[in-house]
1. Identify all residues within region 102-121 that are small (Gly, Ala, Ser) and under 20 Å from residue 55 (Cα atoms); write none if there are none.
2. Which members of region 92-144 meet the condition of being assigned to a loop (DSSP other than H, G, I, E, B) and of a type in the set (A, V, I, L, M)?
3. Confirm whether residue 163 is in the same structural domain as residue 35 (by TED's automatic domain parsing), over 17 Å from residue 40 (Cβ atoms) and part of a loop (DSSP other than H, G, I, E, B).
4. Test of understanding: among 110, 132, 93, 142, which residue is touching a residue at least 12 places away in the same chain (Cβ under 8 Å), of a type in the set (Gly, Ala, Ser) and loosely packed, with under 13 Cβ neighbours inside 10 Å?
5. If you take the residues in region 45-91 that are of a type in the set (D, E, K, R) and assigned to a strand (DSSP E or B), which one is farthest from residue 123 (Cα to Cα)?
Amino acid sequence: MAGEFEVRIEIEGLDELKKKLKSSTAAGPARKFLTRSGNEIIAKAKPLTPVNTGALRRSIDKEVATTTPVPTYVKVGTNVEYAPFVEFGRDPGERPPYDAISWWYRRKKGLAPDANIFAAVTAIQDKIERVGIKEKPFLRDGFEQAVPMIQRHVYTLADELEEAYKRGSS
């Protein structure tokens with residue numbers, strides 16, 4: 001999800017803990033924890049996502065880190081180019097690109113590529129330039145709603161790490 005809109009969860013102190021743990025034993029429980037946490041955020045964010053065509057809601061996904069033997073973060077985000085404008089809104093003053101608005105308008109209205117939509121798209125551009133777009137923080141709010149469950153998953157992580165070390169898994 002590099003370069004895309006995302007929310008990250010990082011476990012503070014995990015780097016120090018990793019130095020004390022065997023990577024081969026800790027990797028599985030850490031990956032499970034991050035996967036569960038990402039799924040919690042997605043489950044909370046999707047119902048909060050404004051729906052027009054459903055593309056934004058369907059695009060929300062997660063990616064658990066693979067750059068180290070023991071993963072330390074999960075990214076939850078979307079690759080839809082307009083997601084930041086939905087999440088954070090848009091201040092008045094800047095005119096949005098015609099192509100982006102026309103694509104959205106055609107899809108929303110179910111119009112053919114040759115339909116004349118110039119007047120409608122221009123009116124939408126004018127309004128956005130004048131008043132902006134109100135934020136609808138679906139990912140941030142989804143994350144906030146998921147925090148209590150993620151905190152519970154920390155206890156599951158501790159239990160799974162303890163069990164893995166008892167088994168001496170590798």
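The values are calculated or read from the model by the stated rules, or taken from the named source; none is laboratory data. Owing to the predicted nature of the structure, the values given are computational and were not obtained by experimental measurement. Glycine gets a Cβ as well: all are built from the backbone with ideal geometry, and neighbour counts include every protein chain shown.
1. Going through region 102-121, the residues small (Gly, Ala, Ser) turn out to be 102, 110, 112, 115, 119-120.
Of everything in region 102-121, those that are small (Gly, Ala, Ser) and under 20 Å from residue 55 (Cα atoms) turn out to be 102, 110, 112.
2. We begin by selecting, within region 92-144, every residue assigned to a loop (DSSP other than H, G, I, E, B); these are 92-97, 110-117, 132, 134-137.
Selection gives 111, 112, 115, 117.
3. On the way: in the same structural domain as residue 35 (by TED's automatic domain parsing): yes; over 17 Å from residue 40 (Cβ atoms): yes; part of a loop (DSSP other than H, G, I, E, B): no.
Criteria not met by residue 163.
4. Numbers: 110 fails: touching a residue at least 12 places away in the same chain (Cβ under 8 Å); 132 fails: loosely packed, with under 13 Cβ neighbours inside 10 Å; 142 fails: loosely packed, with under 13 Cβ neighbours inside 10 Å.
Checking each option against the conditions leaves just 93.
5. Going through region 45-91, the residues of a type in the set (D, E, K, R) turn out to be 46, 57-58, 61-63, 75, 81, 87, 90-91.
Narrowing the set further to residues that are assigned to a strand (DSSP E or B) leaves 61-63, 75, 90.
Numbers: 61: 33, 62: 36, 63: 39, 75: 37, 90: 17 Å.
The selected residue is 63.
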